[in-house]
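Report on the following structure.
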Amino acid sequence: MQLRSKDKKLLYPHHWGCFGGSKLCKETYIDCITREVAEETNIDLKIFFFVKYFNRKFTRNFFLLYLKNIKQFKKKFKLNEGADYGFFTYSQIIKLSKVVPYDKYAIDTYYKISNLNNFKIRKS
């Protein structure tokens, strides 16, 4: 997650949020998230992640990124936007005092859905 800068022009300044941004005209959602993450972190998603589209009737689109190689990722990662970054577990995220509300909602929703799915898988 990215700690947004204190710039008052931003929505939710100095809050933790997911990396991302606005889709350009005629750009696909996958192209958008690939471009935004590259701009913000210097990371090429095609090399480091499996990308899965996730949208549960949000006004925004979310993608889940599954890391392939943590060592190479840490070598390449460079924060280009924001005040700081961090890698958090869900239990750490819910303890953060300032999280962008729509990102928090998406994370909570995904966590609950994935836990329900995991429970169903283990139960059968």
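Worth a mention:
- Helices (runs of 4 or more DSSP H) contained in segment 28-93 and holding at least 2 residues at pLDDT 75 or above and among the aliphatic types (A, V, I, L, M): 29-41
- Cross-chain or 6+ apart pairs with Cβ under 8 Å, segment 94-111 first and over 18 Å from His14 (Cβ atoms) and touching a residue at least 12 places away in the same chain (Cβ under 8 Å), then among the hydrophobic types (A, V, I, L, M, F, W, C) and part of a helix (DSSP H, G or I): Ile107/Ile93
The values are calculated or read from the model by the stated rules, or taken from the named source; none is laboratory data. Quick caveat: nothing in here was measured; it's all calculated off a predicted structure. Don't worry about glycine lacking a Cβ; one is built from the backbone with ideal geometry, like all the others, and counts go over all protein chains shown.
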